[in-house]
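Worksheet: one structure, shown below.
The values are calculated or read from the model by the stated rules, or taken from the named source; none is laboratory data. Remember, it's a predicted structure, so these values are computed and weren't measured experimentally. Because the Cβ atoms are built from the backbone with ideal geometry, glycine has one as well, and the counts that use them run over all protein chains shown. These area figures cover heavy atoms from the full protein model, side chains too; ligands, DNA and RNA do not enter into them. Shrake-Rupley method; radii C 1.70, N 1.55, O 1.52, S 1.80 Å.
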Amino acid sequence: MTKLKTSLVATAIVALCGATASAQTGKHIAFVSCPILRNTEPVPCWLGEHAGELYYLGPQGDLQAEFYPPQFNHKMLAEGIATNERYCGGIVLKQAKASVLPDFDATCNVMLPAMGYSERKDLRGPGPSGHRPAPGEKAAPEPPRPRPPQVQYTAPFTPKEFVATFDADTDRMWRSAQGAMNEALRYARAAKAKQITVTGYRAAIKLADGKDFVERESVAMSRAKVIEEAIRTQGLPEGAKLEVKWVTRPSASTGTERDAAARKVVIAVAP
Amino acid sequence: MRSDAHRRSWPFAAGAASLMALSLAVAASAQSQAEKGPGAIGDVSGQTPAQANQAQRAPTPASPNITPGFTYDWWEPGDGQTLGAEAAYPNPHGQVGLLNASGPINTKGHAFFEPTGTNGRACVSCHQPSNGMSLSVDSVRDRWRATGGKDPIFAAVDGANCPNLPQGSAASHSLLLNHGLFRVFVPWPPKNADGTAMNPEFTLEVVSDPTGCNLDATYGLKSSNPHVSVYRRPRVVANMKYVVNGGSPFNIKDGSPMDRDPETGRFVNMNIMADAREPTPKTQAVNAHLTHLQGKAKLSDAQLKQIIDFENQLYVAQSLHQKAGNLVEPGGPSGLGPKAMHAGTPGLGDNFETPVFGYFDQWAKPKAGDPQSEFRASVARGMEVYFTRPFYIRDVTHLNTVGLGNPIKRTCATCHNARLTGMDFAPGWMDLGTGNQPWADTLEATKELPLFKLTCKAGKAHPFLGRVIYSRDPGRALISGRCSDIGAITMQQFRGLAARAPYFSNGSAKDLKELVDFYDKRFEAKYTDLEKQDLINFLSVL
C-alpha cells in the first residue's frame, strides 16, 4: 500500500517536472541517462530521459550532421538547451550533444515503437534508404553539403589560439576537433610559427540534479597527447617547437554551455 | 618437387645477412618519420622481419575422401604460359572474366608467376586466375587429390595447421582442406613500423588451440620469436585501383593516424589484408615473398615493380552466369564484367546518383516463363535488397562507433559502400562478429579455429564487448594493439565471389546462403526467403 502511494507521488512529481521543464525554456540542461531510440521512418530519432521527461536529441544522420547520436550499451551525458517544442515525443533540446560514456552498460537498450511519430525525410543518411527516386524526382536525401571555403592566413601574424573541443570523458577527436587542429597547423605553416603549445584540459559539468559530472583525471593528458600525435602525423611545421602540457584540475562547473566548452585542448601558435 | 634436404636446412647464413640489411634500412630512414605505431619503413613493414624469421624455420614441402565440388583450371607456378589480354575461366556459377589492360602477360620469368622463394610456390599459387585471383576450397581439394598432398600450396609454413605436424596427412592440413584457410602468423606483441615491440592495450591468452600452433615451442606465443597464429582466406588480387586509392591523415572511423606509404610519405587508405597490416601492395609483396614463398632474401626492385605493375592493370569479375546468361552483353547492366571494372571510377556508391554496382533496370521486368529473364529479375531485386532494404545494424565497432549511433537503421550498402567493389570507402575493418564471440559461434566452421581470451588493461575496452573478449581472430588488434580493434576484419571486394567460396576472412560461410543467413541472424534482418534468394543471386553475378 505505502509503496503504491509513493509511486503515485512520484508520478505526480514527474508530471510537475514535465511542467517545469517546459517552463524553463531556454535553460541549459545536462543529465546522464541511457539513450532511447524511437523506431521512426525513414530514420530513427534519439531521445534521453530525465526526471520522467523525454528529451529529443536529434535524428540518425551522417558524419556531416551537427548531431552525433549516442550508442546503446553505453550511458550518455546529454546536454542542450530546452525549448518549448516537442518532437518525436520529447522536448526538443537545441544544440544537443550526446557524449557516449566509456563504460559498457547492457541495460542501455531501449527501443520505442514509432507510435505515429516520424523523422524528417530530407536527411542525408550514411547509405541510401527509403525509396529510389522516380525519374525526374529529386533524391530524397540532400546531396552532401559543399565544404566552406578555407580562410587564407596572411601577414601580419600574431599569436593565435585554436580550440579543439571533446565529448565528455573521451579523447576521441571528432570532426570539429580535427578541424581546429588542421586550422592551427595551417596557421602555423603560414606564420612560420616558432612555437606551438598544446594544453589539455578537463571539465566538471553541472547536472540537472545538482551534482557535478567530473571528467576522469587522465583525460586532460590523453587529449593533449592525441592532439600531439595528430600534429606529428601531419608533420610538425619546419622550425616550430612543440610543447605539450595539461591541467589536471577540472574547470569549475557552471551549468551552462561553458561546461562543454571546457572539455578542450588549446593549441596556441606563436609566430 | 625440389629436394627437401636443402630446403629443410636452416637457411640463415644468407638469410640472416639480408634480414639484417632489412633492419638497417629501417634504422636509416627511421628519423625521417616519428613512427611509433604500426606501418612500414622503406618498403618493409614492422612485422616482416619477425615473420620472415619464423617462415625460415618452417620445413618446406613434402587421404581421406576430399572431393572437390568443382574442378577449376589450375595455373602451375613457373609454367611460363601467356595470360591473354582477355581470359575467362569456368566456375560453378558460370565464368569469371579477366582483363589485362596492358595486354597479354608473358609469365615466363615474371615475379608473380615464378616460384621466387624456396618452397615451389608463386604468388599465382594462391591467387589463381580461374578463382577470381583468390583461391577456392574446391581448388585446394582438387590439388590435394591430384598431387597426393604434395602441391606447394600445402607447404608446412602456412599451408598446414602448424608446420610441426606430420605433413603427409590430410588432418595436418584440415583448415586448408575444409575451409581454404592459410595460417597467418603475426608477431606478438605487435611491432611498430621500426620493428620495435609495441605495448598493447590487452593481454592475450590461448583458451583452446586445436591446431597446436599457438602453444608450439617453435612457432607459438612462448617461442623465442613469439607469434600468434590465425587462419585466413587469400584475397582477390585485382581491381586494385578501387582497393588502394587515396588516403587521408586520419581514420574517419576513430580519429587515429593513418599509415603512410613509406616511400612517398603519402597517407594510404588501409584497405588491404584482413588486418590492414601492410600499408601498400609493395610492402605486401615484400612480405608475401618472405612468408608464403619462404624467400631467403627480399625480392629485387625490378621483381617488385613487375608484381605491382601486373596487379595494377588486372581487372576481374564474373562475366557469364549459368542462369543469367551473358553478363556483359551490350545494353546490359553497367556494373558487370571485368571491362566495367577497368572503365569505372573509384568513389562512394552509397547514394542514388552512383549506386555501388550501378542499376539493373534492364533486368527488372521478367518475361513470364523465361527462366533467364526470371533469374535476371531476381538479381535486379537482389540489388535493391542490398542497396535499400533497411535493418538495424548493431554493436559493430568502427561502424556503430563512428558518430552514426548504435544501432543505425541502414542497409548492406552502408558498410559495403565503395563503387564497384562493395568494400568500405573508408578503412574497412570492423568487428562484424565473424571472429569474436558471441556471434562467431553462430558460424559452425569457426569451432575448428583457435580461441583467444583478450583482457583489456585498466581504462581500455572493446566498446560493445567490455574488457574481456573471446576471439577466434582478433584481426586488426593484433597489429594496432588496441582493444577497440579486437575482432575487426577488413572487408574485401565482392568481385568474382562465384569463383572463390568459402567466404569471410575465416572461411566460415561455406556458400553465399550461409553468408546471407549469418547477416539475417546477426542483424535480425528478417529477410523473406525471396529476399534471401534474390541477394544470393545478386552476389553470384558480381
Seminar exercise, completed: Scanning region B:218-234 for residues that are hydrophobic (A, V, I, L, M, F, W, C) and surrounded by 22 or more Cβ atoms within 10 Å (Cβ to Cβ) gives B:Val228, B:Val230
For this session: Might you let me know whether region B:360-372 holds any residue that is open to solvent by less than 20 Å² (accessible area, probe 1.4 Å), in a helix (DSSP H, G or I) and at the interface with another protein chain (Cβ under 8 Å from one of its Cβ atoms)?
Result: no
Problem set entry | Residues that are at the interface with chain A (Cβ under 7 Å from one of its Cβ atoms) and out of contact with any strand residue (DSSP E or B) (no Cβ under 7 Å at 6 or more places or on another chain), drawn from region B:385-400 | B:Phe387, B:Thr388
Problem set entry | Hey, B:Phe352 more than 30 Å from B:Ser484 (Cα to Cα), within 12 Å of chain A (Cβ to nearest Cβ), more than 28 Å from the chain's Cα centre (by Cα) and not in a strand (DSSP E or B) or not | yes
Problem set entry | Unmet criterion (only one of (1) open to solvent by less than 50 Å² (accessible area, probe 1.4 Å); (2) part of a strand (DSSP E or B); (3) within 13 Å of another protein chain (Cβ to nearest Cβ); (4) not hydrophobic (A, V, I, L, M, F, W, C)) for A:Asp62 | (2)
For this session: Tell me which residues, restricted to region B:493-513, are out of contact with any strand residue (DSSP E or B) (no Cβ under 6 Å at 6 or more places or on another chain), under 24 Å from B:Glu448 (Cα atoms) and crowded, with 24+ Cβ neighbours inside 10 Å.
Result: B:Leu497, B:Ala501, B:Phe504, B:Asn506, B:Gly507, B:Ser508
For this session: Output the number of the condition that B:Lys305 fails; it satisfies all remaining conditions of (1) part of a helix (DSSP H, G or I); (2) open to solvent by 40 Å² or more (accessible area, probe 1.4 Å); (3) under 30 Å from B:Gly94 (Cα atoms); (4) not hydroxyl-bearing (Ser, Thr, Tyr).
Result: (3)
Exercise. Listed residues B:Thr446, B:Thr411; which is open to solvent by less than 20 Å² (accessible area, probe 1.4 Å) and away from chain A (no Cβ under 12 Å)?
Worked result: B:Thr446
Exercise. Quick one: A:Thr197 ticks every box in (1) open to solvent by less than 30 Å² (accessible area, probe 1.4 Å); (2) within 14 Å of chain B (Cβ to nearest Cβ) bar one, so which box is it?
Worked result: (2)
For this session: Might you check whether a residue that is small (Gly, Ala, Ser) and under 20 Å from the mean Cα position of the chain (by Cα) occurs anywhere in region B:106-128?
Result: yes
Problem set entry | Of all residues in region A:212-235 being closer than 14 Å to A:Ala252 by Cβ and of a type in the set (D, E, K, R), the one that is surrounded by the fewest Cβ atoms within 10 Å (Cβ to Cβ) | A:Asp212
Problem set entry | Yes/no for B:Leu420 being within 14 Å of another protein chain (Cβ to nearest Cβ) and either modelled with pLDDT of 95 or more or at positive phi (or both) | no
Exercise. Taking region B:337-349 as the region of interest, how many residues are assigned to a loop (DSSP other than H, G, I, E, B) and not polar (S, T, N, Q)?
Worked result: 4
Exercise. Can you name every residue in region A:83-92 that is part of a strand (DSSP E or B) and open to solvent by 10 Å² or more (accessible area, probe 1.4 Å)?
Worked result: A:Thr83, A:Asn84, A:Glu85, A:Arg86, A:Tyr87, A:Val92
Exercise. Given the conditions (1) part of a loop (DSSP other than H, G, I, E, B); (2) under 23 Å from the mean Cα position of the chain (by Cα), and given that B:Asn225 satisfies all but one, which numbered condition is not satisfied?
Worked result: (2)
For this session: Just need a number here: residues in region A:27-41 that are modelled with pLDDT under 95 and either in contact with a strand residue (DSSP E or B) (Cβ under 6 Å, 6 or more places away or on another chain) or at the interface with another protein chain (Cβ under 8 Å from one of its Cβ atoms) (or both).
Result: 1
Exercise. So, of the residues in region A:222-248 that are part of a helix (DSSP H, G or I) and over 26 Å from B:Asp261 (Cα atoms), which turns out to be nearest to the other protein chains (Cβ to nearest Cβ)?
Worked result: A:Ser222
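Listed here are the residues, each with its yes/no results for (1) surrounded by fewer than 24 Cβ atoms within 10 Å (Cβ to Cβ); (2) more than 21 Å from B:Lys339 (Cα to Cα).
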site: B:Val96; (1), (2): no, no
site: B:Asn100; (1), (2): yes, no
site: B:Gly103; (1), (2): yes, no
site: B:Thr107; (1), (2): yes, yes
site: B:Gly120; (1), (2): yes, yes
site: B:Thr147; (1), (2): yes, yes
site: B:Val157; (1), (2): no, yes
site: B:Ala170; (1), (2): yes, yes
Exercise. Can you name every residue in region B:308-333 that is in a loop (DSSP other than H, G, I, E, B) and either within 14 Å of chain A (Cβ to nearest Cβ) or surrounded by fewer than 16 Cβ atoms within 10 Å (Cβ to Cβ) (or both)?
Worked result: B:Gln322, B:Glu329, B:Pro330, B:Gly331
